Amino acid sequence: MPFCFPSVKLIYTLLTHGIFTVFHRNLFYFCIFACVCVKIIVYTNFMSDEINEITEEHSDYKPADARDESVKHQLTGMYQNWFLDYASYVILERAVPHINDGLKPVQRRILHSMKRLDDGRYNKVANIVGHTMQFHPHGDASIGDALVQLGQKDLLIDCQGNWGNILTGDGAAAPRYIEARLSKFALDVVFNPKTTEWKLSYDGRNKEPVTLPVKFPLLLAQGVEGIAVGLSSKILPHNFNELCDASISYLRGEEFQLYPDFQTGGSIDVAKYNDGERGGAVKVRAKINKIDNKTLAITEIPYGKTTSTVIDSILKAVDKGKIKIRKVDDNTAANVEILVHLAPGTSSDKTIDALYAFTDCEVSISPNCCVIDDSKPHFLTVSKVLRKSADNTLDLLKQELEIKKNEILEALHFASLEKIFIEERIYKDKEFEQSKDMDAACAHIDERLTPYYPKFIREVTKEDILKLMEIKMGRILKFNSDKADELIARMKEEVAEIDNHLAHIVDYTVNWYQMLKNKYGKNFPRRTELRNFDTIEAAKVVEANEKLYINREEGLRQQLIPYFISSHPGCKEEDMAELAVITKRLDFHLEQVQDFTPTPMTVATEAWYTGYHPYTLEPVFSAKTPREKLAQRQFFFWYKPEERKNIINELRRIGRIDLIDKLYGKR
């Protein structure tokens with residue numbers, strides 16, 4: 001549904017009707033302004049009919065001579081003709097997948113290029129990247145990254161070599177070291193030049209597919225993520241077998257439901273999935289097992305995370321005092337294995353809940369199913385995408401059957417012509433042998449075939465007759481009438497079978513999905529467990545690392561966060577040492593001590609800058625050098641062994657040996 005706020009209309013009206021001009025040398029600032037408004041303009045350009053009435057009044061903009069600084073550029077034309085063209089290009093040709101084949105343009109070009117190179121053997125990825133650059137004008141880096149991502153999904157590409165690890169986040173080896181070829185599934189499902197719509201490549205030298213004739217909901221099987229100008233797309237991957245079952249259910253008119261399934265495993269709560277539509281969300285958790293009361297093992301991680309990011313999040317939670325652990329070991333190889341060793345006295349069950357509450361062991365993912373359909377971006381549900389895919393698969397299978405039927409009918413037609421031509425020995429007729437020219441020869445053959453016209457599938461053309469005249473004598477001598485009859489009968493049976501499939505095209509499509517499931521489904525078991533997660537209250541699982549102090553005079557239980565400022569104007573080392581003694585008496589172990597920062601319009605700041613008290617004009621000492629600041633700050637960390645020697649020496653230097661006894665006891 002399009003939306004439009006009054007402020008949006010105001011901005012757009014100003015852009016389109018206001019008399020804004022800008023010199024050529026200030027285009028940089030204009031681009032910054034354009035980026036701020038792009039989401040509004042792009043969305044309304046695609047979605048809102050109201051805006052179309054306004055845009056009709058845009059003036060046509062013609063670029064002027066860039067070298068002439070006196071030439072002024074009209075903002076209206078520049079924005080309308082330049083930036084919206086760029087935004088539309090990024091949306092349609094770069095970042096968002098097409099609903100028909102579920103591929104972004106770079107992925108489609110990679111697969112098309114690999115098909116052209118395909119000979120059954122592996123090809124160097126560097127060679128594939130170079131070949132794809134005939135169709136993709138955006139450089140080898142984008143092609144290489146997209147190819148690796150396709151390979152890591154383990155569906156369309158058969159990989160050889162080090163292709164990285166989605167579990168650890170390790171990158172693939174250089175393109176010259178790794179190899180790839182199309183998988184058997186891709187060869188079965190993705191390609192058919194006879195049903196492919198073609199267009200010229202960016203330089204006009206080659207042809208590339210508009211979309212590939214994919215006969216499977218590839219978009220939902222692989223998932224996709226892309227960021228365009230003004231919108232983004234995030235479709236989660238789903239299970240191969242469940243997609244086949246859902247497609248069969250839809251074709252049979254039955255209800256179905258689809259939920260995500262991730263290569264990394266884990267468990268998922270789909271209570272708010274909202275059929276994959278934007279606004280929904282899913283929670284994904286790692287799989288955590290208890291080895292014993294002191295050790296936890298993370299064996300599966302959430303989608304989009306790696307073992308490194310999970311471990312980093314655990315260590316950050318430890319630093320913040322949210323959980324207590326002794327150490328973390330990463331033993332991940334082919335499978336995830338992160339060992340979490342608990343601190344003594346820590347509850348393993350409570351720690352598991354804390355890992356879900358405070359680390360990347362649980363993440364929330366918001367899907368946004370945006371696809372290109374009819375040259376426009378559309379926000380759909382996962383169910384609608386599957387329905388469109390099933391309908392598209394049915395149409396493609398129907399086209400393939402009709403094409404195959406026509407090919408068989410053509411072969412049957414010529415086989416019938418050939419049989420009569422040879423059995424009736426038309427090639428030995430005196431009129432044929434003595435024909436003056438080709439036209440006369442063709443006319444004679446046509447005349448001889450006329451009595452048999454009712455037996456033929458279609459009208460006999462001159463091309464048919466010319467093809468008969470090209471039959472070699474060796475074939476005529478080896479001609480066997482019985483075998484010819486068998487061939488004709490077999491072709492008629494094939495045509496009848498195809499007619500039956502066309503008459504029951506839904507059942508034929510159901511059998512297609514069942515064949516895919518039987519052939520490939522065993523390689524794609526569900527990895528992510530569907531569960532309903534219990535809500536974890538962070539306050540109940542966080543470790544109690546802060547000390548609780550009692551104000552006996554007021555009868556209050558107060559949690560204090562030790563935080564002090566040193567180097568304050570008017571304070572000397574002796575003052576800080578006495579304050580440190582007070583912190584020890586209160587059992588404070590300070591974690592944060594900040595140097596004084598001047599704040600405008602305060603007495604302390606005036607004293608810090610001038611060296612005098614603003615009211616009494618008496619001199620005021622302020623620690624400004626790094627050494628002076630460190631000398632004051634160190635006293636607050638009296639409890640650290642590495643600071644003890646320096647503090648004792650400093651107290652002796654300033655003649656406050658009594659404070660040494662108060663801080664460290666009598667020697």
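The values are calculated or read from the model by the stated rules, or taken from the named source; none is laboratory data. The structure presented is a predicted model; accordingly, all values stated were derived computationally and were not measured. FYI the Cβ positions are ideal-geometry reconstructions off the backbone, even for glycines, and counts take in every protein chain you see. We work out accessible area using only protein heavy atoms, side chains counted, and drop any ligands, DNA or RNA first. Shrake-Rupley method; radii C 1.70, N 1.55, O 1.52, S 1.80 Å.
For the stretch 180-195, a residue qualifies if it is closer than 20 Å to Lys517 by Cα, assigned to a helix (DSSP H, G or I) and of a type outside the set (A, V, I, L, M, F, W, C), and the qualifying residues are Lys184, Asp188.
Taking every residue in the stretch 230-250 that is farther than 25 Å from Thr264 by Cα and open to solvent by 10 Å² or more (accessible area, probe 1.4 Å) and pairing it with any residue that is outside any helix (DSSP H, G or I) and of a type in the set (S, T, N, Q), at least 6 positions away or on another chain, yields no pair with a Cβ-Cβ distance below 7 Å. Residues that are open to solvent by 20 Å² or more (accessible area, probe 1.4 Å) and in contact (Cβ under 8 Å) with a residue 60 or more places away in the chain within the stretch 91-107 comprise Leu92, Arg94, His98, Asn100, Lys104, listed in sequence order.
Scanning the stretch 314-341 for residues that are surrounded by 17 or more Cβ atoms within 10 Å (Cβ to Cβ) and either under 24 Å from Asp534 (Cα atoms) or not β-branched (Val, Ile, Thr) (or both) yields a count of 9. Of everything in the stretch 561-577 that is modelled with pLDDT of 70 or more and assigned to a loop (DSSP other than H, G, I, E, B), the residue that is least open to solvent (accessible area, probe 1.4 Å) is Ser567. Of the residues making up the stretch 342-395, those that are open to solvent by less than 30 Å² (accessible area, probe 1.4 Å), touching a strand residue (DSSP E or B) at 6+ places or on another chain (Cβ under 6 Å), closer than 30 Å to Lys324 by Cβ and outside any helix (DSSP H, G or I) are Leu342, Ala343, Val363, Ile365. Determine if the stretch 257-264 includes at least one residue that is among the aromatic types (Phe, Trp, Tyr), part of a loop (DSSP other than H, G, I, E, B), open to solvent by 20 Å² or more (accessible area, probe 1.4 Å) and touching a strand residue (DSSP E or B) at 6+ places or on another chain (Cβ under 9 Å). Within the stretch 257-264 (the criterion being among the aromatic types (Phe, Trp, Tyr), part of a loop (DSSP other than H, G, I, E, B), open to solvent by 20 Å² or more (accessible area, probe 1.4 Å) and touching a strand residue (DSSP E or B) at 6+ places or on another chain (Cβ under 9 Å)), the answer is yes, since at least one residue qualifies. Among the residues of the stretch 443-488, those that are basic (Lys, Arg) and under 60 Å from the mean Cα position of the chain (by Cα) comprise Lys455, Arg458, Lys462, Lys467, Lys472, Arg475, Lys483.
Just one of the numbered conditions (1) outside any helix (DSSP H, G or I); (2) open to solvent by 30 Å² or more (accessible area, probe 1.4 Å) is not true of His136: (2). For the criterion of being in contact with a helix residue (DSSP H, G or I) (Cβ under 7 Å, 6 or more places away or on another chain) and open to solvent by 80 Å² or more (accessible area, probe 1.4 Å), Lys462 passes. Selection of the stretch 315-342 for residues being within 19 Å of Ile166 (Cα to Cα), among the hydrophobic types (A, V, I, L, M, F, W, C) and in contact with a helix residue (DSSP H, G or I) (Cβ under 7 Å, 6 or more places away or on another chain) yields Val336, Ile338. Please count how many residues of the stretch 269-299 are open to solvent by 50 Å² or more (accessible area, probe 1.4 Å) and not in a helix (DSSP H, G or I). Qualifying residue count for the region: 13. Only one of the listed residues (Phe479, Phe421, Phe414) is modelled with pLDDT under 90, closer than 30 Å to Asp499 by Cβ and in contact with a Lys or Arg (Cβ under 9 Å, 6 or more places away or on another chain). That residue is Phe479. Among the residues of the stretch 634-643, those identified as part of a helix (DSSP H, G or I) and open to solvent by less than 60 Å² (accessible area, probe 1.4 Å) are Gln634, Phe635, Phe636, Phe637, Glu643. Where residues in the stretch 644-658 are open to solvent by less than 50 Å² (accessible area, probe 1.4 Å) and in a helix (DSSP H, G or I), which of them is farthest from Cys571 (Cα to Cα)? Here the answer is Ile648. One residue alone among Lys430, Lys398 is open to solvent by 50 Å² or more (accessible area, probe 1.4 Å) and within 60 Å of the chain's Cα centre (by Cα), and that residue is Lys398. When we screen Ala180, Ala126 for residues that are open to solvent by less than 10 Å² (accessible area, probe 1.4 Å) and modelled with pLDDT of 95 or more, the only hit is Ala180.
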